[in-house]
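Visitor: Just dropping this structure here.
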Amino acid sequence: MALRKAYTIGFTQRRAQDFFETLKRTGIKRLIDVRLNNTSQIAGFAKRDDLRYFLKAICGAEYLHESLLAPTQEMLDAYKKRRGSWAVYEQRFLSLMKERHVETRLSPTLFDEPCVLLCSENKPERCHRRLVLEYLREKRGDLEIVHL
């Protein structure tokens, strides 16, 4: 089975120039936004409509928002606002992916073109975008994960 690269990127603490040049240099053709809330972010370039425009104009890439891969508001609040444990969040999020059957509900061709999962966290270690790809790799076995 041939491995397909699947990338992740966060926009926090990144300038727009670095963000889009990284995507362009990597050859990304599809960005999958896995945020629960994609319209009110601190970085203006990461708001849904602006991001869709910039991706097309700068990178020739498409924008998709996939709420199936986002945490619930309750999970997010428990972790972020109430300073919950990462270990608990991670376990709850992976259970959510299993309950949602994301491995069968996502198109099998989603990663055929160079694709990146977007979230706000600047590092993947404590971000659900990493968990999504690790979960899919475990279920499908055909993904090589690269964090940008």
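Just so it is clear, none of the values below were taken in a lab; they were calculated from the coordinates. What you see is a predicted model; the values in this text were computed from it and never measured. Cβ: placed from backbone, ideal geometry, glycine included. Neighbour counts: every protein chain shown.
Visitor: Under 5 Å between amide hydrogens, which residues at least 5 positions from residue 143 or on another chain qualify, with H placed 1.01 Å from N in the peptide plane?
Guide: Correct list: 4.
Visitor: On to the next question. Remind me, relative contact order of the chain in percent, using alpha carbon pairs under 8 angstrom and six or more residues apart? If you can, show how the numbers build up before the last one.
Guide: Details: 216 pairs, mean separation 66.4, N = 148.
Answer for the chain is 45 percent.
Visitor: Let me ask another. Return P(r) of the chain (all Cα-Cα pairs; 10 Å bins starting at 0; whole %; ordered from short to long distances).
Guide: The percentages, shortest bin first, are 11, 44, 35, 10, 0.
Visitor: Can you put 147, 128, 65, 101 in order, fewest other beta carbons within 10 Å first? If you can, show how the numbers build up before the last one.
Guide: Working: 147 16, 128 28, 65 19, 101 11.
Lowest to highest Cβ neighbour count: 101, 147, 65, 128.
Visitor: Which aspartates and glutamates have a Cα lying under 15 Å from the Cα of residue 24, excluding residues fewer than 8 positions away in the same chain?
Guide: Straight-line reach from residue 24, under 15 Å: 62, 113.
Visitor: According to the square roots a ≥ b ≥ c of the eigenvalues of the Cα gyration tensor, what is the shape class of segment 84-148, taking rounded for a/c under 1.5, prolate for a/b larger than b/c otherwise, and oblate for the remainder?
Guide: On the way: a/c = 2.17, a/b = 1.24, b/c = 1.74.
Oblate, because a/c is 1.5 or more while a/b does not exceed b/c.
Visitor: While we're here: For segment 13-20, in order, what is each residue's ³J(HN,Hα) by Karplus, 6.51 cos²θ - 1.76 cosθ + 1.60 with θ = phi - 60°, in whole Hz (x at glycine and Pro)?
Guide: With the stated coefficients, segment 13-20 comes to 6, 10, 7, 4, 4, 5, 4, 6 Hz.
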